[in-house]
């Protein structure tokens, strides 16, 4: 016999996140596969890897994709290796 809708358990589906929580701060926001080496300056939004940075359209190099303020892309200071 068929169960009524009220008797069926709710359908739930877990959607896996492409970004592991431990890599959110250092991961590329665009591809989520590489470490972020660049970001917009001065706002520091949209951390991205070198490969994604190189593929950006020229107009996206002049304004932050998040806050739309005039910006330039620079290397992230937090990912520059320390010289000992």
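The values are calculated or read from the model by the stated rules, or taken from the named source; none is laboratory data. Fair warning: this is a prediction, and the values are worked out from it, not measured in the lab. All Cβ positions, glycine included, derive from the backbone under ideal geometry; neighbour counts span all protein chains shown.
Structural remarks
- Within the stretch 31-56, being more than 9 Å from the chain's Cα centre (by Cα) and either more than 15 Å from residue 74 (Cβ to Cβ) or surrounded by 19 or more Cβ atoms within 10 Å (Cβ to Cβ) (or both) holds for 33, 34, 35, 37, 38, 39, 40, 49, 51, 52, 53, 55.
- Considering the stretch 60-75, and only residues there that are closer than 18 Å to residue 28 by Cβ and not in a strand (DSSP E or B), the residue that is modelled with the lowest pLDDT turns out to be 60.
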